[in-house]
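The values are calculated or read from the model by the stated rules, or taken from the named source; none is laboratory data. Worth saying up front: this structure is predicted, and the values here are computed from it rather than measured. A quick note on method: Cβ atoms are made from the backbone with ideal geometry, for glycine too, and the neighbour counts reach across all protein chains shown.
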Amino acid sequence: MNMTNNIIPLAFMAPGERGQIVEIRGGYGMAKRLYGMGLTPNSVIEVIVSNPAGPILVNVRGSRVAIGKGMAMKIFVRRI
Amino acid sequence: MKAKVAFIGNPNVGKTELFNRFTGQHQHVGNWPGVTVEKKVGKCVCYGNELEIVDLPGTYSLTAYSIDELIARNFIIEEKPDVVVDIIDSTNLERNLYLTLSLLEMDANVVVALNMWDIARNKGMEIDVKKLEELLGVPVVTTVAITGEGIEKLKETIVKAIKGKRRKIEWSYGKDVEEVIKELQEIISKEEKFKDYPSRWLAIKIIEGDEEIIKKIEESKYKDELLKIASRIKDGETVIAERRYKIIGKIIEEVLKKEEEEWSFSDMLDHVFLHPIFGIPIFLALMYVAFQFTFSFSAPFSDMIDTFFSWLGEIAKNNISNAMMASFISDAVLAGVGSVLVFVPPIFSLFFALSLLENSGYLARAAVVMDRIMHKIGLHGKSIISMIMGFGCNIPGILAARTIENKRDRIITVMINPLMSCSARLPVYILLAGVIFKSSAMAGAAVFSMYLLGVGLAIIMAMIFRKFLFGGEPPTFIIELPRYMFPKISNAARDMWEKGKWFIIKAGTFIFLVAIIVWFLSSFPWEATHGGVYIENSYAALLGHAIEPALRPFGWRWQAGVALFFGFLAKEAIVGTFGALAGESASVAVATWFTPLTGFAYMAFVLIYFPCVATLIVMLREIGKKYTLITITYTISLAFIVAGLIELIGYAVGIT
């Protein structure tokens with residue numbers, strides 16, 4: 001499997017999966033908010049609960065953050 | 001000595017509890033100038049020093065992105081507090097230290113409070129506090145805000161810090177960034193306009209491309225030079241954020257001796273509470289339990305109070321010889337006090353239940369569970385918190401909408417909040433439903449249906465507002481979920497008292513005043529009414545008859561109209577009005593004024609017809625004149641439509 005195939009939006013990750021954030025494509029404001037909550041490029045996240053249409057719950061830097069579907073589509077993650 | 005102290009910290013770190021510990025009852029709640037963010041200021045005398053403590057909004061960082069963060073940051077830069085107390089969740093140093101580092105870069109005189117120390121201890125975490133002090137260059141105190149542990153030590157440390165100067169420690173952002181920072185600092189030091197700002201902080205902000213700071217830079221003659229140097233770091237904000245976490249990683253490596261990840265239980269619960277299918281039924285079930293608790297638990301207490309004041313009223317009537325005085329004491333004063341106190345039990349129970357939900361960590365989950373639906377109707381998951389708070393009182397509900405960043409989402413959330421059935425309307429439902437329905441199960445269902453009706457209408461109105469007032473841009477949702485905790489009864493009790501106080505004080509005085517006015521309107525002219533016996537000859541009747549034409553189609557009498565009029569002032573006054581108009585116990589009167597159908601429609605009307613005056617005042621401040629006017633208009637029209645529909649449907653299916 002090559003690298004590009006392994007990079008997917010956070011929204012597509014399944015519970016229990018871990019990944020490293022590669023890129024946040026959400027514009028200035030969204031990135032700023034995510035950084036403060038610990039979601040920066042290279043940070044490792046683990047999906048705790050994911051919902052087909054609702055927010056996704058992740059473990060990032062030891063805290064639990066629920067991220068709406070729309071936003072989770074703009075956070076790109078490499079599975080590890 | 002006098003000193004200015006600021007409290008700052010991430011959300012969910014116990015900042016409010018700590019603030020309450022310090023200031024007790026000496027708090028003043030106002031607004032930050034020019035914006036609608038709440039400003040809490042308190043006073044505390046510590047070791048002979050008079051501290052003025054400002055509670056800054058809870059933030060994760062100090063960017064220019066959100067208004068809360070901007071307020072916090074401008075306060076620190078412009079007001080230069082003597083000490084900034086940074087409250088940290090001991091169990092999550094990594095994320096919390098991000099704010100701490102930002103504060104230190106601003107040259108703030110920081111004292112760190114490692115709060116929730118008990119949880120860290122119980123989890124088996126070992127944090128080297130001395131080492132952390134050494135690495136940060138500022139005093140660090142361990143605290144447990146909810147029990148008061150470490151508070152004295154923190155006070156002592158703050159007082160010492162007022163005079164003390166912290167050791168300045170600079171962490172390296174890496175060679176490339178540090179070079180740029182240095183060059184920027186050199187130019188910054190030449191510019192008179194920047195002399196109020198710490199130069200290193202300003203340099204970092206320029207690299208980050210901070211909107212507010214860039215605006216400032218553009219006023220300077222060095223602007224091109226500065227921006228050119230800063231542009232050497234590509235995507236500066238990401239680089240700075242990432243490296244700041246790297247610095248934190250190094251600090252934690254030295255400080256955190258032993259870490260136990262204790263999320264497994266909490267995560268397990270989240271698999272249940274955030275379940276894609278069961279999440280929503282669980283949410284509804286919990287809400288239902290909370291409300292049943294509110295009604296059934298408090299009912300006997302309310303009955304006792306009611307009986308007691310009726311009895312007292314009888315005694316007063318029989319023992320005071322002057323008829324007008326006797327009527328005043330028993331029908332105005334005692335009836336007024338009674339009608340206030342009767343609602344203390346259910347309202348306090350409600351706040352108790354809400355507090356348990358909040359402190360257990362569930363309320364934040366409710367926002368997550370509901371985001372899917374909220375998103376569909378054009379609202380934000382966080383709107384649900386505002387809506388749930390609205391069940392207690394629309395004022396905190398409207399204030400809770402402040403956590404929503406997007407202005408449009410916030411305005412819609414505020415506009416629909418009056419449809420959330422606040423606890424002041426609860427007395428009206430309890431009175432009406434209790435009288436017009438034979439079985440208590442029916443009455444309970446009728447009361448619960450008011451809450452559902454309100455939510456249903458709120459959803460419809462939200463969709464309408466989203467579509468016709470704002471072109472629907474989809475709201476983004478992100479929220480931190482605190483660890484589930486077994487809620488402490490003592491905390492819930494204190495919360496209940498703090499929040500319930502408004503009812504006794506604000507609503508209480510209001511109801512009492514209204515009760516006296518109503519007594520006057522219904523007993524005068526004294527001769528014509530024979531001392532309040534023939535109310536149909538009173539001023540109140542005049543008023544009721546004036547409103548009656550609009551209400552006649554609904555089968556409501558003029559008494560119902562008078563009550564609605566007084567309900568404009570405060571919805572809880574409706575019950576007081578019924579009581580005063582009936583001259584005895586309100587429930588007896590209501591039984592003769594309403595059928596089950598007209599009574600039920602009246603309940604719906606009371607739910608919708610107008611936000612109370614206090615709510616309007618807050619709303620005006622939060623969303624402005626235009627949207628407040630729209631809210632008044634839509635609520636009045638909607639009330640007539642819904643009540644009419646209920647009666648039409650009722651008659652159609654043969655209910656009267």
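Pull up the stretch A:7-32, narrow it to residues that are surrounded by fewer than 19 Cβ atoms within 10 Å (Cβ to Cβ) and free of Cβ contacts under 8 Å to residues at least 12 places away in the same chain, then point me to the one that is farthest from the other protein chains (Cβ to nearest Cβ).
Once the filter is applied, the top-ranked residue is A:F12.
Kindly indicate whether any position in the stretch B:240-257 is surrounded by fewer than 16 Cβ atoms within 10 Å (Cβ to Cβ), on the phi < 0 side of the Ramachandran plot and under 34 Å from the mean Cα position of the chain (by Cα).
no
Using the structure shown, decide if A:P52 is without any contact (Cβ under 8 Å) to a residue 12 or more places away in the chain and either closer than 23 Å to B:D235 by Cβ or within 10 Å of another protein chain (Cβ to nearest Cβ) (or both).
yes
Considering only helices (runs of 4 or more DSSP H) fully contained in the stretch B:248-337, which possess at least 1 residues that are within 14 Å of another protein chain (Cβ to nearest Cβ)?
B:264-273, B:279-319
Which numbered condition in (1) within 20 Å of the chain's Cα centre (by Cα); (2) surrounded by 15 or more Cβ atoms within 10 Å (Cβ to Cβ); (3) modelled with pLDDT under 85 is the only one that B:W519 fails?
(1)
Which residues, taken from the stretch A:21-65, are under 10 Å from the mean Cα position of the chain (by Cα) and small (G, A, S)?
Across the stretch A:21-65, the qualifying residue is only A:S43.
Here are B:L597, B:L607: which of them is in contact with a Gly (Cβ under 7 Å, 6 or more places away or on another chain), in contact (Cβ under 8 Å) with a residue 40 or more places away in the chain and either surrounded by fewer than 21 Cβ atoms within 10 Å (Cβ to Cβ) or outside the structural domain of B:K317 (by TED's automatic domain parsing) (or both)?
After applying the criteria, what remains is B:L597.
Looking at the stretch B:81-103, is at least one residue free of Cβ contacts under 8 Å to residues at least 12 places away in the same chain, surrounded by fewer than 20 Cβ atoms within 10 Å (Cβ to Cβ) and outside any loop (DSSP other than H, G, I, E, B)?
no
With of a type in the set (A, V, I, L, M, F, W, C), at pLDDT below 75 and within 22 Å of the chain's Cα centre (by Cα) as the only criterion, which of B:F343, B:F352, B:F348 stands out?
B:F343
Residue-by-condition table, conditions (1) touching a His at 6+ places or on another chain (Cβ under 8 Å); (2) within 14 Å of chain A (Cβ to nearest Cβ); (3) under 17 Å from B:I251 (Cα atoms); (4) of a type in the set (G, A, S):
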position: B:I87; (1), (2), (3), (4): no, no, no, no
position: B:L93; (1), (2), (3), (4): no, yes, yes, no
position: B:M106; (1), (2), (3), (4): no, no, no, no
position: B:N109; (1), (2), (3), (4): no, no, no, no
position: B:L114; (1), (2), (3), (4): no, no, yes, no
position: B:D118; (1), (2), (3), (4): no, no, no, no
position: B:N122; (1), (2), (3), (4): no, no, no, no
position: B:L132; (1), (2), (3), (4): no, no, yes, no
position: B:G150; (1), (2), (3), (4): no, no, no, yes
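Got a number for residues in the stretch B:1-15 being buried (at least 19 other Cβ atoms within 10 Å of the Cβ) and of a type in the set (D, E, K, R)?
The total comes to 1.
Can you name the helices (runs of 4 or more DSSP H) wholly within the stretch B:353-459 that have at least 1 residues being over 21 Å from B:P611 (Cβ atoms) and not acidic (D, E)? Break it down into steps so the answer makes sense when it comes.
Working: elements: B:362-376, B:383-392, B:394-400, B:407-416, B:426-436.
Per the criteria, B:362-376, B:426-436.
Please enumerate the residues belonging to the stretch A:60-73 that are more than 7 Å from every other protein chain (Cβ to nearest Cβ) and surrounded by fewer than 22 Cβ atoms within 10 Å (Cβ to Cβ).
Start the filter on the stretch A:60-73 by keeping residues that are more than 7 Å from every other protein chain (Cβ to nearest Cβ), which leaves A:60, A:69, A:72-73.
Once the filter is applied, which keeps residues that are more than 7 Å from every other protein chain (Cβ to nearest Cβ) and surrounded by fewer than 22 Cβ atoms within 10 Å (Cβ to Cβ), the stretch A:60-73 yields A:V60, A:M73.
Can you tell me which residue is surrounded by the fewest Cβ atoms within 10 Å (Cβ to Cβ) among those in the stretch B:359-375 that are in contact (Cβ under 8 Å) with a residue 40 or more places away in the chain and under 15 Å from the mean Cα position of the chain (by Cα)?
Step by step, filter the stretch B:359-375, then rank; the result is B:N359.
Residue by residue, here is whether (1) crowded, with 20+ Cβ neighbours inside 10 Å; (2) in contact with a Phe, Trp or Tyr (Cβ under 9 Å, 6 or more places away or on another chain); (3) part of a loop (DSSP other than H, G, I, E, B); (4) modelled with pLDDT of 95 or more holds:
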| site | (1), (2), (3), (4) |
| --- | --- |
| B:E134 | no, no, no, no |
| B:A161 | yes, no, no, no |
| B:R167 | no, no, yes, no |
| B:L184 | yes, no, no, no |
| B:S189 | no, no, no, no |
| B:K193 | no, no, no, no |
| B:D196 | no, no, yes, no |
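What number of residues within the stretch B:105-125 satisfy the criterion of being at pLDDT below 90 and in contact with a Lys or Arg (Cβ under 7 Å, 6 or more places away or on another chain)?
So the count comes out to 2.
Give the residue that is surrounded by the fewest Cβ atoms within 10 Å (Cβ to Cβ), with candidates limited to residues of the stretch A:33-59 that are within 19 Å of B:N10 (Cβ to Cβ) and small (G, A, S). Please lay out each step first, then the result.
Taking the stretch A:33-59 and keeping what is within 19 Å of B:N10 (Cβ to Cβ), we get A:33-40, A:43, A:45, A:57-59.
With the extra rule that they be small (G, A, S), the set shrinks to A:36, A:38, A:43.
Details: A:G36: 23, A:G38: 25, A:S43: 19.
Among those residues, the one meeting the criterion is A:S43.
Please verify whether B:L70 is crowded, with 24+ Cβ neighbours inside 10 Å, within 12 Å of another protein chain (Cβ to nearest Cβ) and at pLDDT 85 or above, treating the condition exactly as stated.
Values: crowded, with 24+ Cβ neighbours inside 10 Å: no; within 12 Å of another protein chain (Cβ to nearest Cβ): yes; at pLDDT 85 or above: yes.
So B:L70 does not fit the description; no.
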